[in-house]
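The structure appears right after this line, and notes come after that.
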Amino acid sequence: MRAAVFDRHGPPADVLTIADLPDPTPGPGQVVVALEAAAVHPADLATIAGHYGVRPRLPGAVPGIEGVGRVVAVGAGAALTVGQRVLLPLGVGTWRDRVVATARTLVTVPDDLPAEQLALAVVNPATARLLLGQVDRLLPGEWILQNAANGAVGRTVARLARARGLHTLNVVRRATAGLCVRNAGGDVVLVDGPELAHEVARYTDGAPVRLALDAVAGPATDRLARCVVPGGTVVVYGALSGQPSTLGADQTIFRDVRLHGFWLTTWLQQADDATRAALFTDLVADLRDHPQPVDARFDLGAVAAAVAAAARGGRDGKVVLRGEAWNG
Ligand SMILES: NC(=O)c1ccc[n+]([C@@H]2O[C@H](COP(=O)([O-])OP(=O)(O)OC[C@H]3O[C@@H](n4cnc5c(N)ncnc54)[C@H](OP(=O)(O)O)[C@@H]3O)[C@@H](O)[C@H]2O)c1
């Protein structure tokens, strides 16, 4: 079977190769799942580059956080059948044609949803939901602020916020990204820059902004901090700039701005089984009415081209890899 592998950290398009690995066989309680589709997320690129919170064992690491596939072999006592469709375990290394998994940990999913949507079902939509819970009781009519607003998390935040009666200030790095954010449900779109706090105050008419969501880090963190109310919260959940967050001491000392992080991995580890299962059920159901945009699709064998496309700015949606069980 084919698998994307890397033996050392570096630029993903340079260090990834396609290896021919032995087909796995299931042990007791296990199944083998053949890949239909897998997402290419910024976290995948960061993992390969060696900048992520999880360090894979090298050499021979297989990247890939999420994906969907079909059961093709069932071990003794495993309560799944050949042909069933399942989400792959998060972080299993989904960029391979076949993977072994413990049957009872797998989430079964409907046959009638597109594979590329199921490959995007969990990481970003879950993060968007949970980010909105990072301060107590946001009330209808309140404003929240976010950057990278045209990304997958950002668009989902804009949609979910609107559904709750919240207003969003959506920061992008290029004006051409504004339309898709508005179409997703965003209220105001602003291009990032030194005047951000003035722009925010103009649109909110001085109303307090208690929550800002930061996917960029670097100096962008400080720009968001200057827009929130004294005592307000900036949640850093991504570092797309590749730089450490900067936050002026004037913001922490004189304005008591709170900075904290969010990582879905930690949340999932801390949640109980019932909470996690309920979240996954909601996320899959939500896909029917709210498909996520896909910018480009690549066969697994073209993984180097896929990661190069994912690393390029200006995409309109995600990059998806197709595995051996892809069937249109
Ligand atoms: N903490 C968690 O648990 C968690 C979970 C999910 C995602 N994340 C993080 O959330 C972030 C967004 O992920 P996503 O999947 O939503 O992204 P995405 O759909 O792949 O889109 C990337 C977005 O980031 C923007 N961007 C890229 N580099 C940038 C830079 N240097 N400065 C400003 N904007 C930049 C892009 O703008 P253009 O369109 O202009 O190129 C685009 O809006 C990533 O850092 C990801 O790792 C974190």
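Every read-out reported here was derived from the displayed coordinates using simple, explicitly stated rules and does not represent laboratory data. Please read all numbers here as calculations on a predicted model, not as lab measurements. So basically every Cβ, Gly included, is an ideal-geometry build from the backbone, and we count neighbours across all protein chains shown.
Remarks
- Projected onto planes of every orientation and averaged, the convex hull of the alpha-carbon atoms in the chain covers 16.4 nm².
- Only Lys, Arg, Asp and Glu carry charge here, each on its Cβ (+1 for the first two, -1 for the last two); on that basis the chain has a dipole of about 180 debye about its Cα centre.
- If R0 equals 25 Å, the separation of the Cβ atoms of Leu179 and Arg312 corresponds to a calculated FRET efficiency of about 0.85.
- Note on segment 124-265: percent of Cα-Cα distances in each 5 Å bin, starting at 0 and stopping at the bin with the largest distance, equals 2, 11, 23, 26, 23, 12, 3, 0.
- Ranked packing of 21-27, 101-107, most packed first, by mean Cβ within 10 Å: 101-107, 21-27
- Looking at the chain alone, DSSP beta bridges between its own residues are antiparallel in about 50 percent of cases.
- Value at 222 nm in deg cm²/dmol, rounded to 500, when DSSP H runs of n ≥ 4 in the chain each add -39,500 (n - 2.57): -8000 deg cm²/dmol
- Positive-pole candidate from Gly185, Ile253, Thr156, dipole of the chain, charges at beta carbon: Ile253
- Kirkwood hydrodynamic radius of segment 1-76, from inverse mean 1/r over distinct Cα pairs, in Å: 13.6
- Each Lys and Arg Cβ is given +1 and each Asp and Glu Cβ -1; about its Cα centre, segment 1-130 then shows a dipole of about 380 debye.
- The chain: most fluctuating residue of Ala310, Ala13, Ala115 per GNM, C-alpha cutoff 10 Å: Ala13
- Rounded to the nearest 0.05, the FRET efficiency derived from the C-beta distance between Val54 and Arg288 at R0 = 41 Å is 0.85.
- Per the Cα gyration tensor, segment 194-328 maps to an equivalent ellipsoid with semi-axes of 35, 21, 16 Å, ordered largest to smallest.
- Compared with the alpha-carbon gap, the fully stretched path from Thr105 to Trp263 is longer by 54.8 nm at 0.36 nm per residue.
- Pairs of alpha carbons in segment 43-104 whose separation is greater than 16 Å (percent): 48
- Projecting the Cα atoms of Val74, Gly323, Trp263 onto the charge dipole of the chain (Cβ charges, centred on the Cα centre) puts Trp263 farthest toward the positive pole.
- Across Ala249, Ala61, Ala207, mean-square fluctuation computed from a Gaussian network of the chain (C-alpha pairs under 10 Å connected) peaks at Ala249.
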